[in-house]
1. Looking at the range 90-111, is at least one residue out of contact with any strand residue (DSSP E or B) (no Cβ under 7 Å at 6 or more places or on another chain), within 16 Å of the ligand (Cβ to nearest atom) and at pLDDT 95 or above?
2. Given Asp53, Asp31, which one is out of contact with any His (no Cβ under 9 Å at 6 or more places or on another chain) and either polar (S, T, N, Q) or free of Cβ contacts under 8 Å to residues at least 40 places away in the same chain (or both)?
3. Scanning for something of a type in the set (Lys, Arg), more than 9 Å from the ligand (Cβ to nearest atom) and closer than 20 Å to Leu171 by Cβ, does the range 41-56 turn up at least one residue?
4. So how many residues does the range 120-135 have that are part of a loop (DSSP other than H, G, I, E, B) and either within 19 Å of the chain's Cα centre (by Cα) or of a type in the set (A, V, I, L, M) (or both)?
5. Run Lys72 past the list (1) basic (Lys, Arg); (2) crowded, with 18+ Cβ neighbours inside 10 Å; (3) more than 26 Å from Ala200 (Cβ to Cβ) and report the number of the one that doesn't hold.
6. List the helices (runs of 4 or more DSSP H) that sit entirely inside the range 154-239 and contain at least 1 residues that are within 12 Å of the ligand (Cβ to nearest atom) and closer than 23 Å to Val24 by Cα.
7. Can you name every residue in the range 20-37 that is part of a helix (DSSP H, G or I) and surrounded by 16 or more Cβ atoms within 10 Å (Cβ to Cβ)?
8. Give the range 136-153 a look and list any residue that's away from the ligand (no atom under 16 Å from the Cβ) and either surrounded by fewer than 21 Cβ atoms within 10 Å (Cβ to Cβ) or assigned to a helix (DSSP H, G or I) (or both), or say none.
Amino acid sequence: MRYVEAAGVRLSRIGIGTWQFGSVEWGYGADYSEQTATQIIERGLELGVNLIDTAELYGFGKSERILAPVLKEHRDEAFIATKVTPIVPFSPWVRSRGRASAKRLGVDHIDLYQVHAPNPTLPIGHIMGGMVDLVADGAVTHLGVSNYNLAQWKLSEQAAGIPVISNQVRLNLVDRGALKALAPYARAYDRIIIAYSPLAQGLLSGGYSAARLPKDRMRRANPLFLPENLEAARPLLATLERVAQRYGATSAQIALAWVISHDNVVAIPGASSVAQLEHNVAAADLALSPEDLAELGSAAVAFQPNTGVGTFPRRALAALR
Ligand SMILES: NC(=O)c1ccc[n+]([C@@H]2O[C@H](COP(=O)([O-])OP(=O)(O)OC[C@H]3O[C@@H](n4cnc5c(N)ncnc54)[C@H](OP(=O)(O)O)[C@@H]3O)[C@@H](O)[C@H]2O)c1
C-alpha cells in the first residue's frame, strides 16, 4: 500500500467507501450487509488500508453501525471518516449529530468529520461553529468538507479558524472537474482530495454495457448507465482494457491508478465483494507511465456522456441539422 502524507495525516491511497453498507439502493442484500461488509473492512485493514469513509446518511446510520464491531477490534489501524448531513446546521445540532455518529461507530473520537455538502440556504461558514466545537471537545480530530468548490472550501476554513484538511469530491476518468482548481489547491496548500465514485460507480470496470445494464436502483437512476452513454463509453472502456493488458491488471485497477496518480489525491472505491476490494487495494501499487496516462486522458476527453444537463437544447439543435 502507498500512502499520502499531508495536513498532518497519513492516508492509504486506496481507502474503502461504505455507502453500499446497509443501503437498499445498491441492492446487495442482507448477506452483504451482515457478513461481506465486515469481511471487506477486515481484509482491507489487513492489506494496509486505513481510510474508511462513511456518513450518517448511508443506510440512515446502518453503514456506521456495521463498522462498529470491526472498529472495536481494530481502532488503531483505521482512520475513520464520517459526514454530517447539513440539514439544520446550527451548532448544538451539529454537535449532537457528531456525537450520534461516534456512538453508532462505537468510537470515542472521529478521525475526520466532513460536511457532506454545502447547504444552499445558509452561509458557508455557518456550520463550522458546531464542527469546531467537536474538535475542541476531542470528539473529532480533523475537519473536512465534501462537494465544496474552491471558494466554499476556503470560506469554510476561514470560518473554522483551523485547517479543513480535505474535500471529498467526485473524481474519475469521466468526471475530472476536481483537477481544475481543487487538486492544485490541495497540492499547493498541503490539503487532501478524497476522490469518491473513482470507478464512476462501476462503469469504468467495463462490466456494464447497453446489453448488460445494472439492475440496482442506484445505477438505474444514474444517467451514465443509460444505454446511449454506455454505448458512447465503449472507446474509453476499450482504452482502459488495452492499458490494463500492459500491466496485467483489470480496467478497474487502471481507472483507480489514474485517479491516485494525482498528487494529494486518495480514492475511496466501494466494493461489492472481498475480491473486488483486494483488486482495488492492489491498484495502489500500479504506477502508470506518462504515455499511458496521456492515452487515458485523451480517451476520457473524447467521452462526452449525456447527463441530462442541456439535453433538450442539444437534441433540438441536432434535430434542426
Ligand atoms: N461525498 C459524497 O457526496 C459521496 C458521493 C458518492 C460516494 N461517496 C463515497 O465514495 C464511495 C465510492 O463511490 P461509489 O460507491 O459511488 O462509486 P465507485 O466506488 O466508483 O463504484 C463502486 C462500485 O463499483 C463496482 N466495483 C468496485 N470495485 C470493483 C472492481 N475491482 N472491479 C469491478 N467492479 C468494481 C462495485 O459495483 P458492482 O460490483 O455492483 O458493479 C462497487 O459497488 C462510496 O461508498 C461513498 O463512501 C461519497
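The values are calculated or read from the model by the stated rules, or taken from the named source; none is laboratory data. Note that this is a predicted model, so its numbers are computed, not measured. Glycine also receives a Cβ, built like all others from the backbone with ideal geometry; neighbour counts cover every protein chain displayed.
1. yes
2. Asp31
3. Checking the range 41-56: not a single residue is of a type in the set (Lys, Arg), more than 9 Å from the ligand (Cβ to nearest atom) and closer than 20 Å to Leu171 by Cβ.
4. Going through the range 120-135 one residue at a time, the tally reaches 1.
5. All conditions are met except number (2).
6. 217-220
7. Listed by number, the residues that qualify are Trp26, Tyr32, Ser33, Thr36, Ala37.
8. Ala136, Asp137, Gly138, Ala139, Thr141, Leu150, Ala151
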